[in-house]
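Q: Supplied in structure tokens, the structure appears directly below.
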Amino acid sequence: MIIEPPPLSLYLHLPWCVRKCPYCDFNSHTLRDASDRDRYVDALLRDIEKEAQRAGGRPLHSIFMGGGTPSLFSASQVQRILDGVRANFALRADTEVTMEANPGTVECDAPAGYRDAGVNRISVGAQSFSDTSLQVLGRIHSAADIERAVNDIRGAGFDNFNIDLMYALPGQDAAAALQDIERAAALGPSHISWYQLTLEPNTVFHARPPEGLPGDDAVWEIQEQGQARLADLGFEQYEVSAYARDGRHCRHNLNYWSFGDYLAAGAGAHGKVTDGDDILRYTKPANPLMYMQCIEQGAEFVAPQPVEGADRVFEYMLNALRLGAGFAETDFEKRTGLSAEVLQQALSSLAARELLMQPEKGHWRPTMLGKRFLNDLQASFLQD
């Protein structure tokens, strides 16, 4: 089957933080020399030029600046980056441009400066409104900092912004988790990302777990009560950890979950592109210094690797099963180039086990049981 070119996004990685959080497994590094930021922007602009060649004239559906802490970069530096994108890519009139910002660093420049640079959506890394929890999580901001930052963001004219929250924190019960949701919702975000704290490998918390982590039953109670309260507040859960008001879904992340294409620029950034009948994945050097040196020396990065049939099945299902709406077999075929026949045995088995349901012919979505055991559901599409 012929693969239809999916929407195309651009991910830009800005790798530095003031301090590395003990739960974080992202490619982030402590910023030690402020002068590195200008050097990094120079390298990123050259990387963007090369990435534009992969686009083949396709317009960008969305742009996402993640990290790290992108708000450590000034508005003028973000302006340079986005000017470089605009000079090399076709943008749709409604292209979503998201920048992550932490409350402790958003004052690097006034939010209005980022808006003037072309950012039209901000994602605020709040994590909790409990100062005690924030200290345990290694965050450098307070609950008051969050409220101040969000008020500044709204005052700058942003009507589309996300607040990140975590649950199942050390010492947290359902009442405390609900209080975080209430305080976040009171600030008027269009979107809340509410996700469970997990102890990822190669993190401080994985090596030395914090005391007081809730057990499985307590986590499930928090999750059920939190989801119900978010719904009452008008937030639609459209993905495992994503909740939106008034249809303000994160278009960039939806493109990931729908097996769309995304270009990648920056240290450690990962990309996926469709080239004819081929699907290719690639990554950039993770170390910021090595990345900058490679760019400056004109060195070639590791060649893109093909995603073959069995991996296409698993990668598609790994993402699509996170969506509340599930997936259509026709979309699977368009995005992977494979016949939906390859899914039928697994789909029938999972439906018999009440992990999947078929609300209409050719469309599948997880049941409540399937959502609870999502990892098992996704693993059903792994092939030996």
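The values are calculated or read from the model by the stated rules, or taken from the named source; none is laboratory data. The model shown is predicted, which means the values in this text are computed figures rather than measured ones. All Cβ positions, glycine included, derive from the backbone under ideal geometry; neighbour counts span all protein chains shown.
Q: Identify, from the list D131, D173, D216, the residue that is without any contact (Cβ under 8 Å) to a residue 24 or more places away in the chain and over 29 Å from A112 (Cβ atoms).
A: D216
Q: Do we have G266 as on the phi > 0 side of the Ramachandran plot and touching a helix residue (DSSP H, G or I) at 6+ places or on another chain (Cβ under 7 Å) here? Can you show your working first?
A: Numbers: on the phi > 0 side of the Ramachandran plot: yes; touching a helix residue (DSSP H, G or I) at 6+ places or on another chain (Cβ under 7 Å): yes.
Answer is yes for this residue.
Q: Would you mind finding the one in R312, R335 that is in a helix (DSSP H, G or I), in contact with an Asp or Glu (Cβ under 8 Å, 6 or more places away or on another chain) and at pLDDT 95 or above?
A: Values: R312 fails: in contact with an Asp or Glu (Cβ under 8 Å, 6 or more places away or on another chain).
The match here is R335.
Q: Can you tell me which residue in segment 297-318 is surrounded by the most Cβ atoms within 10 Å (Cβ to Cβ), limited to those that are within 30 Å of F373 (Cα to Cα) and of a type in the set (A, V, I, L, M)?
A: My answer is M317.
Q: Give segment 276-286 a look and list any residue that's touching a residue at least 40 places away in the same chain (Cβ under 8 Å) and surrounded by 14 or more Cβ atoms within 10 Å (Cβ to Cβ), or say none. I'd like the intermediate steps shown before the answer.
A: Our first condition is that a residue be touching a residue at least 40 places away in the same chain (Cβ under 8 Å); within segment 276-286, this holds for 276-277, 279, 284, 286.
Within segment 276-286, I279, K284, A286 meet the criteria.
Here's the yes/no breakdown for (1) closer than 24 Å to S130 by Cα; (2) in contact with a His (Cβ under 6 Å, 6 or more places away or on another chain); (3) not assigned by TED's automatic domain parsing to the domain that holds E333:
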residue: C21; (1), (2), (3): yes, no, yes
residue: D38; (1), (2), (3): no, no, yes
residue: A43; (1), (2), (3): no, no, yes
residue: E49; (1), (2), (3): no, no, yes
residue: A55; (1), (2), (3): no, no, yes
residue: S62; (1), (2), (3): no, yes, yes
residue: S71; (1), (2), (3): yes, no, yes
residue: V97; (1), (2), (3): no, no, yes
residue: A101; (1), (2), (3): yes, no, yes
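Q: Looking only at segment 278-298, decide whether some residue is small (G, A, S) and part of a strand (DSSP E or B).
A: Kept after step one, since they are small (G, A, S), are these residues of segment 278-298: 286, 298.
Now restrict to residues that are part of a strand (DSSP E or B): none.
Checked against the condition, which is being small (G, A, S) and part of a strand (DSSP E or B), segment 278-298 yields no hits at all.
Q: If I filter segment 128-143 for residues that are among the hydroxyl-bearing types (S, T, Y), on the phi < 0 side of the Ramachandran plot, in a loop (DSSP other than H, G, I, E, B) and touching a Gly at 6+ places or on another chain (Cβ under 8 Å), do I get at least one hit?
A: Within segment 128-143, the first condition is being among the hydroxyl-bearing types (S, T, Y), and the residues that meet it are 128, 130, 132-133, 142.
Checking which are on the phi < 0 side of the Ramachandran plot leaves us with 128, 130, 132-133, 142.
Cutting the leftovers down to in a loop (DSSP other than H, G, I, E, B) gives us 128, 130, 142.
Remaining after also requiring touching a Gly at 6+ places or on another chain (Cβ under 8 Å): none.
No, the conditions are met nowhere in segment 128-143.
Q: Answer yes or no as to whether V97 is in a helix (DSSP H, G or I) and within 20 Å of the chain's Cα centre (by Cα).
A: Details: in a helix (DSSP H, G or I): no; within 20 Å of the chain's Cα centre (by Cα): yes.
No: the conditions fail for V97.
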